[in-house]
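First the structure, in the form of structure tokens, and then the observations on it.
The values are calculated or read from the model by the stated rules, or taken from the named source; none is laboratory data. On a predicted model such as this, the values are computed, not experimentally measured, just so you know. Cβ placement follows ideal geometry from the backbone for every residue including glycine, while neighbour counts extend to all protein chains displayed. All accessible areas refer to the heavy atoms of the entire protein, side chains included, with ligands and DNA or RNA removed. Shrake-Rupley method; radii C 1.70, N 1.55, O 1.52, S 1.80 Å.
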Amino acid sequence: MTSSRRPLFVTAILVGSFLLFLVQPLMARLALPRLGGAPNVWNSAMLVYQALLLGGYAYAHVIGRFTLRRQLVLHTGLLAVAALTLPLTLADLPDFGPGLEVFWVPALLFASVGPVFFLISAQAPLIQRWYSADPAAGDPYPLYAASNFGSFAGLISYPILIEPMLPLGRQSLIWSFGYCALIVLLLFVVRARWQTIAPDDNGRSTQAAAAGRDPIGWRRMGLWLVLAAVPSGLMLSTTTHLTTDIVAMPLLWVIPLGLYLLSFSVAFAENRALAQIITRAAPVVLLLAGGMAMISQSEGGVWLLFASVALLFVISVALHSRMYELRPDPSRLTLFYLVMSAGGVLGGLFTALFAPLLFDWVWEHPLLVLAAAALIPLGRFATWQLRFVTGDMQRIVVLGGGLLLAFGLALVLVNATLRDADGLAMAIYVALAVIALVLTFNRAALLAVFACMMIGTSLEGHGSAYAHGERVRSYFGVYTVSDNDEAGFRMLAHGTTDHGRQFLKPEKRRQPTAYYGPNAGVGLLLGGASGLMGKGADIGIVGLGAGTLACYREPDQTYRFYEIDPAILEFSTVGKFTFLSDCAPDSETVIGDARIALEQETGAQYDVLVVDAFSSDSIPLHLLTREALQTYRRSIRKDGAIAIHISNRFIDLEPVLAALVRDAGMFAAVRADFPNSVQGLTPSIWVVMSPREATLQAITAASPAATWRKPVTPAQTVWSDQYASTLPHFRWNALGS
């Protein structure tokens, strides 16, 4: 007589899933010095993990045909062999070149973590299958809820506990110990099931009988596929939409992924109460929150943030619950998870690979929300007419009248939005949601009213973007070039963050603007470079942006730019911004990661090096570490200077820079500039540092009218490639602004 040993199987599946989702941010952190921190880098990483998960589920499905003992021995043995690849390190894979990041990032991660991730990903379906091998064990599917809770715990523990406390080397070592502990747990699972006679061990007749009792057609599998694909794609599109157009907040990717994982725990839970409550409320949440899925401006960012993540969670629970209700007999369990994983990969492919190539904005997000509206269970909302509308003619009247009223209100909503009549717009928005609920007996009508809500709330933002400028989407983000006729300048925005502006009048177009005005830290340094460094100064600039800094160049000076995104350079070469062509037409622009390029070049080549490479308000950690500063210091001459732009809404970077300066034995001064915005200028904070105190004193003395100050108290821990955590420096009050 055997025991189901449920606690053992729950522990094993929890530990495996914990390790699986702990390794994802860990590998992203290991790869950061080479990949940077753009949202699409994380999306590409997620695509790799989903593909490996699909491979792991396919492997679990294939070996499920073996006898139980053979499955146990084979999987445990392969895990032991894969342990030879530990500890985790980044593979030495050469860069594929500019513009090919969409292929190189997945290849690098596949080569670095592929074997162990592939095998651990097979844990969830295999352990459920082994658990169900005991006829007395009960339904194995709720174990998947435990699996995803372990995944959620692994994901959340990294930024909150592990990254702030441990250097990367120790993180990798501890993960390796956890992997070995997982193998030990599996040995106990092997022992618990070794004497169990699984149905498959008596031949395939039992499996064939189960298939006869629970036939699975292509239509049912297709529905599994779509129900898995939409939440997966929506999780990634929510991340991109939020970081691009709502709140460009570091670590934001943790929230959508965490809620996506929790949705499985709710949807697959043995107690169905919470899943049923959320599913019943899903149509209301979909209409109220999903109607804002096309908004492309950052006003009300916090409320839109909460609405977006609530929408993702509710949709994911509703669709995953529908998938759970369609689950097959446990004997077909691995096929179910294989198809579900394939759906996850399809959603990831659409969002991470195809959407950036097809769309100039995050259009995949509203498309996926519409797809969710087409799939979500409508419950009692869809059957109300059986009680109130008895005939076909009455149904047609209600449907036609509701649609006409909705289209009319949608026009009023557009007008109210254009006039900034927020109260009226909100009232009409709610009215449209009520009409959509009334028409839920016809799914097409629901989708039509829902689309009107999305268009009505977002037409102003998108219409303005296309009417007064253009959008460009690259692997590194969504850029908007727009003309502000009233202020008289053209602006480059990356997501919600201003990355440069240029006056449209010819007599003013060489005038430095935005963060780069003549009284900003970088303006004072570059404007006085000839007097400070002598004639013929060599200037290196990391981050091209609109090219504003090119207009500080004097005829005898050499300027060289470093830019990771070819799309940014194209803005200057096609004439959208003329700073570069007007002021430094013969300057060289190096395409690629600046830190890697500087490491490969000869040292002591610059008198001044400017570092201004931010992805929206996200922080490229690999450009602000001890090793990065060593590279910058190596690139300047002994009397040279480094200027680093640290303006940021969400992270207080000054203590970080102060710690780096102290660690390097350098000297630094801070210039905080708060100019008159009428002149096209924006507030900025720059840190200027030099290996020689005399050089720094000369820089500050050259601008007596400007106020320079010493850096604030340094952070206790110095950021390095092995350790860097933004959490201690997060400005929590910025969320409300």
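Taking the chain, how many lysine pairs are there with alpha carbons less than 24 Å apart, if each pair must be eight or more places apart or span two chains? Mind showing how you got there, number by number?
Working: Lys505/Lys576; Lys508/Lys576; Lys535/Lys638; Lys638/Lys710.
Close lysine pairs under the 24 Å cut-off: 4.
Taking every alpha-carbon pair under 8 Å whose residues sit at least 6 apart, the chain reaches a relative contact order of 14 percent.
Extension gain, Glu486 to Phe359, is 42.8 nm, computed as 0.36 nm per intervening residue step minus the present C-alpha separation. Remark: the Cα gyration tensor places region 311-440 in the oblate category, a/c being 1.5 or greater and a/b not exceeding b/c.
Give the accessible surface of the chain per residue, rounded to a whole number of Å², with probe radius 1.4 Å and ligands, DNA and RNA excluded. Before the final figure, lay out the partial values.
Details: 28740 Å² over 737 residues.
Per-residue value: 39 Å².
Placing a label point 7 Å from the Cα of Glu693 along the Cα-to-Cβ direction, the residues of region 633-673 with a backbone N closer than 19 Å are 638-642, 658-670. Each of Phe571, Thr89, Ser331 was scored by the projection of its Cα onto the charge dipole of the chain, and the greatest displacement toward the positive side belongs to Ser331; charges sit on the C-beta of Lys, Arg, Asp and Glu. Segment Arg419..Glu554, full-extension length gain: 43.9 nm, with 0.36 nm per residue of separation and the alpha-carbon distance subtracted.
Beta bridges assigned by DSSP with both partners in region 491-636 are antiparallel in approximately 20 percent of cases.
Quick one: length gained pulling Glu470 to Ile455 fully straight, 0.36 nm per residue minus the C-alpha distance? Walk me through the numbers on the way to the answer.
Numbers: separation 15, 0.36 × 15 = 5.40 nm, distance 1.89 nm.
Stretched fully, the Glu470-Ile455 segment lengthens by 3.5 nm.
At a 1.4 Å probe, what is the % contribution of carbon and sulfur to the accessible area of the chain? The value for the chain is 64 percent carbon and sulfur by accessible area.
Placing unit charges on C-beta atoms (Lys and Arg positive, Asp and Glu negative, everything else neutral), compute the dipole magnitude of the chain about its Cα centre in debye, rounded to 20.
The calculation lands at about 2160 debye.
Classify the chain from the C-alpha gyration tensor, please: rounded if a/c falls under 1.5, else prolate or oblate depending on whether a/b exceeds b/c. Here the chain falls in the oblate category. Rounded to the nearest whole Hz, the Karplus-based 3J(HN,Hα) values (6.51 cos²θ - 1.76 cosθ + 1.60, θ = phi - 60°) of region 693-703 follow the sequence 5, 4, 5, 5, 4, 5, 5, 6, 6, 6, 10, with x at glycine and proline. Taking a ≥ b ≥ c as the square roots of the eigenvalues of the Cα gyration tensor, region 640-718 is oblate, since a/c reaches 1.5 or more and a/b is not larger than b/c. All C-alpha to C-alpha distances of region 576-668, sorted into 5 Å bins beginning at zero, yield P(r) values of 3, 11, 21, 23, 19, 14, 7, 2, 0 percent in whole numbers.
Accessible-area rank, largest first, for Asp392, Asp721, Asp652: Asp392, Asp652, Asp721, with all protein chains present and a 1.4 angstrom probe. With pairing defined as another cysteine C-beta under 4.7 Å, the cysteines of the chain that fail it are Cys180, Cys452. Between Arg634 and Arg731, the FRET efficiency estimated from the beta carbon spacing at R0 = 51 angstrom works out to 0.95.
The packing ranking, built from the mean of other Cβ atoms within 10 Å per residue, places the peptides 269-282, 554-567 in the order 554-567, 269-282, highest first. Applying the Karplus relation 6.51 cos²θ - 1.76 cosθ + 1.60 with θ = phi - 60° to region 278-288 yields 3J(HN,Hα) values of 5, 5, 5, 7, 4, x, 5, 5, 4, 6, 6 Hz, where x marks Gly and Pro.
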